[in-house]
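FYI, it's all coordinate maths here, none of it is from the lab. Here the structure is a predicted model, which is why all the values come from computation and not from measurement. So basically every Cβ, Gly included, is an ideal-geometry build from the backbone, and we count neighbours across all protein chains shown.
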Amino acid sequence: MIRKMKKEDLLSAKILMQSIPNFWHESWTEDTIEKALTASAGLSFVYELNSQIVGVIFAFDFGFRAYIAELAVSEQSRNLGIARNLIEHVEFILKKKKCELVIADVWKTAEPFYKKLGWEHPNAILVRKSLID
């Protein structure tokens, strides 16, 4: 079952994200994901299975485009359609809001999954700058 993420879900979200190798960044804190939840303005969701959070998604609507920042599904709950359901749920909401484009930066290993969902490479180059040493 998909539902909006609440502040009370953040510890479970953190534990889930930390359970995935190389997912959690050393600089992230409870404050980091709390800020993400607040900034998402209702576009962050959890997926519950047997009353346990097994999937999370943090998305943001900037008006001219939307962004999926983080998507995580517990390793033991993969291949059940949870990630697909979370993405399609966010896409449905964004379509209703007349959002034209959604982007995500994903691990290379996740690219085939996104392509199966109809995602493609944009005509843009992703650049970044680390602000923390």
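Just rank V127, V54, fewest to most, by other beta-carbon atoms within 10 angstrom.
The order, fewest Cβ neighbours first, is V127, V54.
Using a cut-off of 20 Å between alpha-carbon atoms, which lysines can reach K108, once sequence neighbours fewer than 8 places away in the same chain are excluded?
Within the straight-line cut-off, K108 pairs with K116, K129.
Pop out the ³J(HN,Hα) list for region 20-26 in order, Karplus 6.51 cos²θ - 1.76 cosθ + 1.60 with θ = phi - 60°, rounded to Hz; leave Gly and Pro as x.
Once rounded to whole Hz, the list reads 9, x, 6, 7, 6, 8, 4.
What is the extension gain from K35 to M1, computed as 0.36 nm multiplied by their sequence separation minus the C-alpha to C-alpha distance, in nm to one decimal?
Net length gain for the segment: 9.8 nm.
Kindly put T32, T38, T109 in sequence by how many other C-beta atoms sit within 10 Å of each C-beta, fewest to most.
So the ranking, lowest neighbour count to highest, is T109, T38, T32.
Which longest uninterrupted range of the chain lacks any GluC sites (Glu not before Pro) assigned by DSSP to a loop state (not H, G, I, E or B) and surrounded by at most 13 other Cβ atoms within 10 Å?
Result, exposed sites excluded: 27-99.
For q = 0.17, 0.21 Å⁻¹, what log10 I(q)/I(0) does region 2-116 give under the Debye formula with an equal point scatterer on each alpha carbon and no solvent?
For region 2-116 at q = 0.17, 0.21 Å⁻¹, log10 I(q)/I(0) is -0.82, -1.29.
Put +1 on the Cβ of each Lys and Arg and -1 on the Cβ of each Asp and Glu in the chain; which of T32, M17, M1 then has its Cα farthest toward the positive end of the dipole?
M1
Rounded to the nearest 0.05, what FRET efficiency do K97 and V127 give with R0 = 22 Å and r taken as the Cβ-Cβ distance? Could you check?
The computed FRET efficiency comes out at 0.20.
Please report the antiparallel percentage of the DSSP beta bridges confined to the chain, to the nearest 5.
Here the share of antiparallel DSSP bridges comes out near 85 percent.
Straight-line reach from K97: which lysines have a Cα under 21 Å away, not including same-chain ones fewer than 8 places off?
Filter leaves K4.
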